[in-house]
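Worksheet for the structure shown next.
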Amino acid sequence: DTGQCKEYRADFDTVLAAVSTHGDALQYASRRLKASREIVLAAVANRGDALRYADSSLCDDREIVLAALAAVEDTAPRGHASRRQSGVHILNHVKPRLTATA
């Protein structure tokens, strides 16, 4: 039932549990929860490149960006292409926001 799915996507505790173990689950969260600092921080701590699903208002949050980069550092082997690609993706995602505020 789609109505029930929408309820789960908007339920803070359900989404927090999901993104804490599968950061990419952030893509299925409601807009409101994609803008929740706590939800996004949990998602990027699990999978750094989940930042791409976060509300753009959080992309200039220093703690969130650093958590995303640290997660990439922790999950991909040193020198591995996926590590570099994820790190570059995160920086490219936040760069427009950072240059706009500079």
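The values are calculated or read from the model by the stated rules, or taken from the named source; none is laboratory data. Treat the numbers as computed from the prediction; the structure is a model and nothing was measured. FYI the Cβ positions are ideal-geometry reconstructions off the backbone, even for glycines, and counts take in every protein chain you see. SASA here: full protein model, heavy atoms, side chains in, ligands and nucleic acids out. Shrake-Rupley method; radii C 1.70, N 1.55, O 1.52, S 1.80 Å.
A few remarks follow.
- Scanning the stretch 8-35 for residues that are hydroxyl-bearing (Ser, Thr, Tyr) and in a helix (DSSP H, G or I) returns TYR8, THR14, SER20, THR21, TYR28.
- The residues of the stretch 51-63 that are open to solvent by less than 40 Å² (accessible area, probe 1.4 Å), part of a helix (DSSP H, G or I) and within 17 Å of PHE12 (Cβ to Cβ) amount to a single one, LEU58.
- Residue check, GLU38 modelled with pLDDT of 95 or more, surrounded by fewer than 16 Cβ atoms within 10 Å (Cβ to Cβ) and part of a helix (DSSP H, G or I): yes
- Flag if LEU69 is at pLDDT 60 or above and more than 20 Å from ASP13 (Cα to Cα): yes
- The conditions of being at pLDDT 95 or above, among the polar types (S, T, N, Q) and over 11 Å from the mean Cα position of the chain (by Cα) are not met by SER86.
- Residues of the stretch 64-78 that are under 8 Å from the mean Cα position of the chain (by Cα) and not in a helix (DSSP H, G or I): none at all.
- Residue check for ALA17: out of contact with any strand residue (DSSP E or B) (no Cβ under 9 Å at 6 or more places or on another chain) and open to solvent by 50 Å² or more (accessible area, probe 1.4 Å): yes
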